[in-house]
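Colleague: Let me give you the structure first, and then I'll get to my questions.
The values are calculated or read from the model by the stated rules, or taken from the named source; none is laboratory data. No experiment lies behind these values; they were computed from the predicted model shown. Here Cβ is always computed from backbone atoms with ideal geometry, including for glycine, and neighbour counts include all displayed protein chains. Only protein heavy atoms, including side chains, enter the accessible area calculation; ligands, DNA and RNA are left aside. Shrake-Rupley method; radii C 1.70, N 1.55, O 1.52, S 1.80 Å.
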Amino acid sequence: RCILCKNPRCQTACPLKNQIPQWIAQVQQGNIDEAYRIIRQTSPMPDLCSRLCPQERLCEGSCAVGIKNESVAIGSLERFVADQAAKRPELKDKPGSLKPAQAKKRLAAVGSGPASLAFAQRMACCEGHSVTIFERWPGLGGVLRWIPRFKLPTEVINHHIDALKQVGVTFKTGV
C-alpha cells in the first residue's frame, strides 16, 4: 500500500534515514535481494532493528498513508526482508580477504551489546580493520539478551553474532 512519496515523511522520521520508499518499491516488484541491499546501505543490523525500533512512533507514525488509513507496516516489511536475507548467505557481508597482518588497524570494543556489534560490523566489513570485542560475561549480546524472546528471538541474536565471526570479528568472553 505504500504510495512511494516524493518527499517521504517516513524516511525523514527514521533516525538512520533508511531509504524506505526505495526498498519498499523493490519489495513491491519482488526484488527482495535488492531491497536488502538498499536497507543495508544505512542500517547495520536490519535483522535486529526491524524487531526493536519503535516504528509506530517513527517511520510508521509519520507515514502519509496513515493520515486517512492504517500506516504501511514498514517494520514488518523490513523484518520480512531481513529474514529472507538471513536464509541467503550470499546476501550477507562476505568474509574479508584481509588477513590480520594486512588489516589497517587493530580495534577493540568493550562489551558485546548493540553499539559494539554495529561498530565491529562497520569496521570489519567496510573499513577492513581487525576487531576484537571483549565481554565480561560468558554470553554474547549484552542488553540484547535481556529483551523478551517474543520480541527478539535468541536465534536472531546468535545468527548475527555468527555472521560477525565469519567476517573476522573476534570475541573474548570472561574478560
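Colleague: Suppose we keep only residues that are acidic (Asp, Glu) and assigned to a loop (DSSP other than H, G, I, E, B) within region 41-75. Which one would you say is nearest to Asp162 (Cα to Cα)?
Modeller: Looking at residues that are acidic (Asp, Glu) and assigned to a loop (DSSP other than H, G, I, E, B), I get Glu56.
Colleague: Checking the structure you have, find out if any residue of region 38-60 is touching a Leu at 6+ places or on another chain (Cβ under 7 Å), in contact (Cβ under 8 Å) with a residue 12 or more places away in the chain and acidic (Asp, Glu).
Modeller: Among the residues of region 38-60, not one is touching a Leu at 6+ places or on another chain (Cβ under 7 Å), in contact (Cβ under 8 Å) with a residue 12 or more places away in the chain and acidic (Asp, Glu), which makes the answer no.
Colleague: If you don't mind, there's one more thing I want to ask. Can you find a residue in region 39-56 that is open to solvent by 20 Å² or more (accessible area, probe 1.4 Å) and more than 24 Å from Glu155 (Cα to Cα)?
Modeller: Within region 39-56 (the criterion being open to solvent by 20 Å² or more (accessible area, probe 1.4 Å) and more than 24 Å from Glu155 (Cα to Cα)), the answer is yes, since at least one residue qualifies.
Colleague: State the number of residues belonging to region 15-29 that are out of contact with any Ser or Thr (no Cβ under 8 Å at 6 or more places or on another chain) and either open to solvent by 60 Å² or more (accessible area, probe 1.4 Å) or of a type outside the set (A, V, I, L, M) (or both).
Modeller: The total comes to 7.
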